[in-house]
Amino acid sequence: MPETTTATAPTRVAHHRRYLMCRPEHFTVSYKINPWMEPAKPTDTAKALEQWQKLYDLYIELGHEVELIEPLAGYPDMVYTANGGFVIDGRAYVPEFYFEQRQGEAPAFAEWFRANGFDTVLPQEVNEGEGDFLLAGDVILAGTGFRSAGDSHREVHEVFGREVVTLTLVDPRFYHLDTALTVLDPVVGHENGGPERANIAYLPGAFDEASQRILAERFPDAILVADEDGAVFGLNSASDGYNVIISPRAKGFEKQLRERGYNPLTVDLSELLLGGGGIKCCTLELRGAKTDGES
Ligand code: ARG
C-alpha cells in the first residue's frame, strides 16, 4: 500500500476497507427532504450511474472490497448507503429513517446484514446510520439536529459500548454529520504509538457553539475546512488513512490534505449531489465480520 513522507507531514498509511454500495439504477429526485433536492429539476440516471461507477472503480483500484445491495424500485435515495446502517466489529445497527419516503429502505438493509453474517440490531430510535455516526478512533461522533434523534445516541452507546459524543448540526444544508465532518484516519493513535486521537476535518459553521467547543478541545489538530469547500460537499469524503476521495470542487480542502501528507483523489458526483449526497453518502463502511482485514 502507498505511503508518503514529506518534511512536515507525518507518514500516512492506507488501510484495507470493505464498503457497501448500491447502484443508482433508480436514482431521481421525486421529493424534497433536504435543501439540495429540487424535484422540478430534471435528473439524469445514466449520468448518475456513470459517476457512481467511477467511485466504485476507484475503490477497487485502491484494493478495497465493495459489496453491493440490490437497489429497490421506488427508493431513489437508496444509493446513499451510508444511511443504511452503522457497523462496528461485525455488528450492524439498522437505521430508522426520519422521513417516510426512505423508511422502506431499512428492512432491505437489515436483511442484507443478516444474510451477510452481521449481528443485526434493530433500532428503537430514529437514526440514519453512518450519515450521523462516525467512528473516530475509539469514540463515536454522533450528529443530531435534523435527522438522527438525540435518543439514538444513547441507543448507539448501548449497542456498541463505546463513548458517544453528541454534536449538534445547525445549518440545513449540512443535515447529516457526514456532510460536515470527515474522519481521516480512525486508527492513527494505535499505530504510531501516539495519543489515541483520530484526525478529522470539519466545517465549524455547521455546528452549534457548544459542539464547536467540544470539537476544538478533542481534536486540536483537526483540519478546519473553509465555507466554500464545505458548500460543495467537500467534507463528504472517504479516507483509507492515506487516500482521501473528495469532490473536485473542494480545491482548498485538497490542498490542506496534501499539506498533511494525505493523497487526495477526486471523483465528481455532481448528479448525485442533486439528491443532497456525495462520496461518503454513497459509501457505508463494513467493519468486522468475515472477510474484513487490515493490510
Ligand atoms: N436524499 C437523501 C436524504 O436526504 C440524501 C442522503 C445523503 N446521505 C448522507 N449520508 N449524507 O436522505
Worksheet item: Once label points are set 7 Å from the Cα along Cα→Cβ at both residue 47 and residue 165, what is their separation, rounded to one decimal in nm?
Response: 3.9
Worksheet item: In cubic angstrom, how much convex hull volume per residue do the alpha carbon atoms of the chain span?
Response: 114
Item to complete: Of the DSSP beta bridges with both residues in the chain, give the percent that are antiparallel, rounding to the nearest 5.
Response: 50
Worksheet item: Taking Cα centroids, how far is segment 66-139 from segment 215-250 in Å?
Response: 23
Response to the item:
Given Cβ charges of +1 for Lys and Arg and -1 for Asp and Glu, the option among 286, 110, 226 whose Cα lies farthest towards the positive end of the dipole of the chain is 226
Discussion item. Rounded, prolate or oblate for segment 140-288? Axes are the square roots of the Cα gyration tensor eigenvalues, ordered a ≥ b ≥ c, and the cut-off for rounded is a/c under 1.5.
Written reply: rounded
Worksheet entry | Where a label projected 7 Å from the Cα of residue 30 along Cα→Cβ would reach, residues of segment 94-132 with amide N under 14 Å | 101-105
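For an R0 of 25 angstrom, estimate the FRET efficiency from the Cβ-Cβ distance between residue 65 and residue 216 and round to the nearest 0.05. All intermediate terms of the calculation are to be shown ahead of the outcome.
On the way: r = 36 Å, r/R0 = 1.42.
After rounding to 0.05, the efficiency reads 0.10.
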Worksheet entry | Among 202-215, 264-277, 153-166, the order from most to least packed when residues are scored by Cβ within 10 Å on average | 264-277, 202-215, 153-166
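FYI, it's all coordinate maths here, none of it is from the lab. Predicted model, so just to flag it, every value in this text is computed and none were measured. Here the Cβ is made from the backbone with ideal geometry for all residues, glycine too, and neighbour counts use every protein chain on show.
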